[in-house]
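A quick write-up on the structure given underneath.
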């Protein structure tokens, strides 16, 4: 099965190389999670649990890196941005727990909700810090060299 729920598009790009690489990986993981939902019914549970674990681990890794980037560039709305990240992680963990406990849960609906949240967040909120970084590069309060140093430290 090669069905994808989302395809990377340049509109998701932040212009910050490390973050764009991580966002592309989130696209890949979202597609894996979606494909797990389409697995044969006798294998869907194991496939979904495995894909969900990888997604949770990567989302935490990515949000940590992004939070450190926001601090390093002195992004003025970093506290609120991190709160949004925390809310999504809680939502994912709660859904994972519900699934593990056998509560009524439709994995495919969850995946669509997750994808909508993540990519609307990237398209709007991540664009905000991207614009902030671009403006600071333009006026010289942030240099390309400094941004590369930050990215290297977070990689």
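Odds and ends about this structure:
- Being surrounded by 15 or more Cβ atoms within 10 Å (Cβ to Cβ) and within 19 Å of residue 150 (Cα to Cα) is a property that holds for residue 72.
- Restricted to region 44-155, the set of helices (runs of 4 or more DSSP H) holding at least 2 residues that are modelled with pLDDT of 90 or more and touching a strand residue (DSSP E or B) at 6+ places or on another chain (Cβ under 7 Å) is empty.
- Residue count for region 93-115 satisfying the condition of being touching a residue at least 12 places away in the same chain (Cβ under 8 Å), closer than 27 Å to residue 68 by Cβ and surrounded by fewer than 18 Cβ atoms within 10 Å (Cβ to Cβ): 1.
- Among the residues making up region 27-43, those that are in a helix (DSSP H, G or I) and touching a helix residue (DSSP H, G or I) at 6+ places or on another chain (Cβ under 6 Å) are 29, 30, 32, 33, 34, 36, 37.
- Inter-residue pairs, beta-carbon under 7 Å, first over 21 Å from residue 61 (Cβ atoms) and in region 22-46, second crowded, with 20+ Cβ neighbours inside 10 Å and at pLDDT below 80, 6+ apart: 37/107
The values are calculated or read from the model by the stated rules, or taken from the named source; none is laboratory data. For clarity, every value in this text was computed on a predicted model and none was experimentally measured. Quick reminder, even Gly has a Cβ in these numbers, built from the backbone with ideal geometry, and neighbours come from all protein chains shown.
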